[in-house]
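Please read the structure below before turning to the comments.
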Amino acid sequence: MSQEAAQVLELLEELQKLKSQTRLLGEYGGLASKGNEGGPYDWQAEWHNRGTECPERAIIAGNRTGKTRSAAAEVALHLTGLYPDWWEGRRFDEPTSWIVAGPTNELTRDVCQFALVGAMEPGTKVPDGTGWIPKEHIGNVDFRQCGVQNVIDTVKVKHSSGGWSELAFKSYEQGNIKFQGVSRHGVWLDEEPTDHAIFTECQTRTLDKKGLILFTRTPLFGMSDIVRHFLDGGDGIYYATATWEQSPHLDEAERNRLLKSYPEHERATRAKGTPLLGSGGVYNVPDEEIVCDPFPIPAYFRRICGIDFGIDHPAGAAWIAYDADADIVYVTDCYRKSGETAAYHAQAITSRAEWIPVAWPHDGMTRDKGGGKALRDQYEECGVNMLYLSARYEDDKGGGQAREPATLDILERMRTGRFKVFRHLNEWFEEKRMLHRKDGRIVAERDDIESATRYAVMMLRYALTEEDIAFEPQPFAEHNYDPLEL
């Protein structure tokens, strides 16, 4: 072959790769038919990108929110190696092997298999490539004899490195024995396995390759062992949630009609992905009883912000407006961000309003290992109006504070109509829905904004109006305090 011909062939291969990548990734926008053409929603991008530090990830979400589509897209990317420019998650630079499984052979075929390779071409056993994996990347396909037509057992997928990845489809009805054997780069489990041993077996399959476990679930049957595994959290474990309100591809009128047709006890789960927590939930008050439409905040409302520093977890913040005459607390804004500096978080806080006093927890006196400067002081130097003492109850006792009194105060306010949250604060409601107890104790996972809210409520007596700041400067601007007292 001449040099010119080799160059043309190489160019054609690059063009084909680009075409496959464009089709694979461009259709992600099909998930978001309104307002987000061409890419994933923010919660989807974050879920994918957290794959670098979290090998076990779940999407515990409402029906039709895009959880299956999200997991299928990631599996396809790892099988083909066609990662998008925005991708900050886990990458494999070699062919991978995956297990994908659902409750039954029929459901695995109709949901997972269809999402990945599409349907069979009429009159053939050849996938039509209408799934996430481009047709030109689909190689040899083997089918399983199981009494259900067109159930794929394994399929070869061409990887961008030139080798072949392998995708195996299984069902939970086969039992955990069928999940034993060779190691895998990843496993995607759609909905709940009938046997918890299937989940632990899949964890074992990915051990030596430091692989990935993906789990997608609408928790209609409550707090299962696997759902609790993700909600309880831990090193390398992450979950995302999504509601119908976060899914603009769903028609609003139709989803409202459908929601009313569901039994009342199923509505929160189907629309929001909320597990039926029962007595295990911390704030067992329906969202509808505390939600309110945003409104211009009157000048006489007292304002305060609470922050959670996020030393080994995301930083969180919550802004509160307090109607003292009616004794109603309104959560008007919130913020959560991981992997950023104090200066970055401070800018996000001051951009809302520099004058609002900010409540902070006792760990704000933790000193930076580099400069030896307390976190509280770093925020203040960046312009944040930090209160001079850490969050505490009215007995003025400093140090770490018990969680339950402030939690019960908020819960009582919710039950009596004295705690409201602006409707658009999806991240706030997400944490509220998933916060739960284990053995009677609150599980301190994914509670960054909720913690910030508690600190603000705890220090509500320090909330001020804008006029208070203008005419009555805070008496603690001198910072004559002993850090050990905070």
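If I go through the range 199-238 residue by residue, how many of them are among the hydroxyl-bearing types (Ser, Thr, Tyr) and part of a strand (DSSP E or B)?
Selection size over the range 199-238: 2.
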Can you pull out the residues in the range 129-167 that are under 19 Å from Glu74 (Cβ atoms) and modelled with pLDDT under 90?
Gly129, Thr130
Every residue in the range 325-355 that is in contact (Cβ under 8 Å) with a residue 60 or more places away in the chain, under 25 Å from Gly400 (Cβ atoms) and of a type in the set (A, V, I, L, M, F, W, C), please.
Val329, Val331, Cys334
Quick one: would you say Thr68 is polar (S, T, N, Q), closer than 30 Å to Asn176 by Cα and either in a helix (DSSP H, G or I) or modelled with pLDDT under 55 (or both)?
yes
Residue satisfying condition, being within 23 Å of the chain's Cα centre (by Cα), assigned to a loop (DSSP other than H, G, I, E, B) and either assigned by TED's automatic domain parsing to the domain that holds Tyr238 or modelled with pLDDT under 90 (or both), within set Gly39, Gly29
Gly39
If Ala76 meets every condition in (1) over 22 Å from Tyr172 (Cα atoms); (2) crowded, with 18+ Cβ neighbours inside 10 Å apart from one, which number is that one?
(1)
Kindly indicate whether Arg205 is crowded, with 18+ Cβ neighbours inside 10 Å, outside the structural domain of Tyr41 (by TED's automatic domain parsing), modelled with pLDDT of 70 or more and not small (Gly, Ala, Ser).
no
What pairs come out if I take residues in the range 297-315 that are closer than 30 Å to Gly234 by Cβ and pair them with residues that are assigned to a loop (DSSP other than H, G, I, E, B) and among the aromatic types (Phe, Trp, Tyr) whose C-beta lies under 9 Å away, six or more apart or interchain?
Gly306/Trp360; Ile307/Trp360; Asp308/Trp360; Phe309/Trp360; Ala315/Phe309
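Determine whether the range 413-427 contains at least one residue that is closer than 21 Å to Ile311 by Cβ, surrounded by 14 or more Cβ atoms within 10 Å (Cβ to Cβ) and of a type outside the set (Phe, Trp, Tyr).
yes
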Test of understanding: among Ile152, Ile177, which residue is touching a residue at least 12 places away in the same chain (Cβ under 8 Å) and assigned by TED's automatic domain parsing to the domain that holds His78?
Ile152
Of the residues that make up the range 410-418, is at least one acidic (Asp, Glu) and under 21 Å from Ala324 (Cα atoms)?
yes
Give me the residue from the range 443-462 that is farther than 17 Å from Lys397 by Cβ and not aliphatic (A, V, I, L, M) and, out of that set, surrounded by the fewest Cβ atoms within 10 Å (Cβ to Cβ).
Glu445
When you look at Thr194, is it touching a residue at least 40 places away in the same chain (Cβ under 8 Å) and surrounded by fewer than 23 Cβ atoms within 10 Å (Cβ to Cβ), yes or no?
yes
Filtering the range 286-338 down to residues that are of a type in the set (Ser, Thr, Tyr) and closer than 16 Å to Ala348 by Cβ, which residue is surrounded by the most Cβ atoms within 10 Å (Cβ to Cβ)?
Tyr335
Cβ pairs under 7 Å, 6+ apart, first in the range 230-242 and assigned by TED's automatic domain parsing to the domain that holds Leu212, second in a loop (DSSP other than H, G, I, E, B) and of a type in the set (Ser, Thr, Tyr):
Ala242/Thr65
If you go through the range 294-339 one residue at a time, how many are on the phi > 0 side of the Ramachandran plot and among the acidic types (Asp, Glu)?
1
Consider Glu394 carefully, then state whether it is assigned by TED's automatic domain parsing to the domain that holds Ile449, touching a residue at least 40 places away in the same chain (Cβ under 8 Å) and either in a loop (DSSP other than H, G, I, E, B) or surrounded by fewer than 20 Cβ atoms within 10 Å (Cβ to Cβ) (or both).
yes
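The values are calculated or read from the model by the stated rules, or taken from the named source; none is laboratory data. Since the structure is predicted, the reported quantities are computational estimates derived from the model, not experimental observations. Heads up, the Cβs are rebuilt from the backbone with ideal geometry, glycines too, and the neighbour counts pull from every protein chain shown.
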